[in-house]
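The structure appears below as structure tokens.
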Amino acid sequence: MKIDKITDLGGARYKIFLENGTTFILYKKEIEKWKIIPGEELSEEDFAEIKENILLKRAKKRGLYLLEKYSRSESNLTDKLREGGYPDDVIEQAVVYIKSFGYLDDEKLARNIVESRMYQKSYREVVALLKSKGIEQETIHQVMETYYDEDGEKEAIKHLMNKKRIELESITVNEKNKFFQYLARKGFSYDSIQSIFRN
């Protein structure tokens, strides 16, 4: 594999570009150790050793560190490691390693999010939040079907009414209309809003 170029990232870190499109990051001492020079060849054996002994170890450590800060989906963790400059096959191995400890569970993450938000946000808001976490559509559908029903939306509306100290018996028609529009903008279904307003 031919080395195309090397870019200085600062802090003694360098990004290596191979002619086949593969990129990875090493420190200056590591570049010197493997004699990585633009225009020269990097043998398959050396690259395999770099991936196994340096990149994979760092990717595992980085992945575990990212999960210590807060829960992430597999997709989100993969994206973060990709941002860190790790090759795709290294990321895949690191994710498999981390999953083996039970640290990555998209369904469990989705359940936790839904349970904590189901009485505060509309169905659409919760789905949008799950998508933003990188959780797959199929997992979202399964979890939402299990946890979130029309009663959940009604409870969320009641929660917002209490939070905003709204009493439907005493507010004006104009205030009621404004609150209705506010709920609609947040993604609550027309039927759920109407049901609360009627009751």
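The values are calculated or read from the model by the stated rules, or taken from the named source; none is laboratory data. As the structure is a prediction and not an experimental result, all values here were calculated from the model. Every residue, glycine as well, gets a Cβ built from its backbone with ideal geometry; the counts of neighbours run over all protein chains shown.
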Take segment 96-108 and flag every residue that is among the hydrophobic types (A, V, I, L, M, F, W, C) and at pLDDT 95 or above. V96, I98
Which residues, counting only those in segment 155-165, are surrounded by 14 or more Cβ atoms within 10 Å (Cβ to Cβ) and either under 15 Å from R124 (Cβ atoms) or without any contact (Cβ under 8 Å) to a residue 24 or more places away in the chain (or both)? A156, I157, L160
Close pairs from segment 137-149: first assigned by TED's automatic domain parsing to the domain that holds Y123, partner outside any helix (DSSP H, G or I) and not small (G, A, S), Cβ under 7 Å, at least 6 apart: Y147/M118; Y148/M118
Qualifying position, being surrounded by 14 or more Cβ atoms within 10 Å (Cβ to Cβ) and within 30 Å of I16 (Cα to Cα), among G85, G152: G85
Can you work out which of the residues in segment 26-57 that are surrounded by fewer than 18 Cβ atoms within 10 Å (Cβ to Cβ) and under 27 Å from the mean Cα position of the chain (by Cα) is farthest from G10 (Cα to Cα)? E52
Taking first residues from segment 48-66 that are in the same structural domain as G85 (by TED's automatic domain parsing) and second residues anywhere that are in a helix (DSSP H, G or I) and of a type in the set (S, T, Y), the pairs with Cβ under 6 Å that are 6 or more apart or on different chains are K60/Y97
Is there a residue being of a type in the set (D, E, K, R) and modelled with pLDDT under 95 anywhere in segment 77-93? no
Does Y70 satisfy being loosely packed, with under 14 Cβ neighbours inside 10 Å, closer than 30 Å to A110 by Cβ and under 29 Å from the mean Cα position of the chain (by Cα)? yes
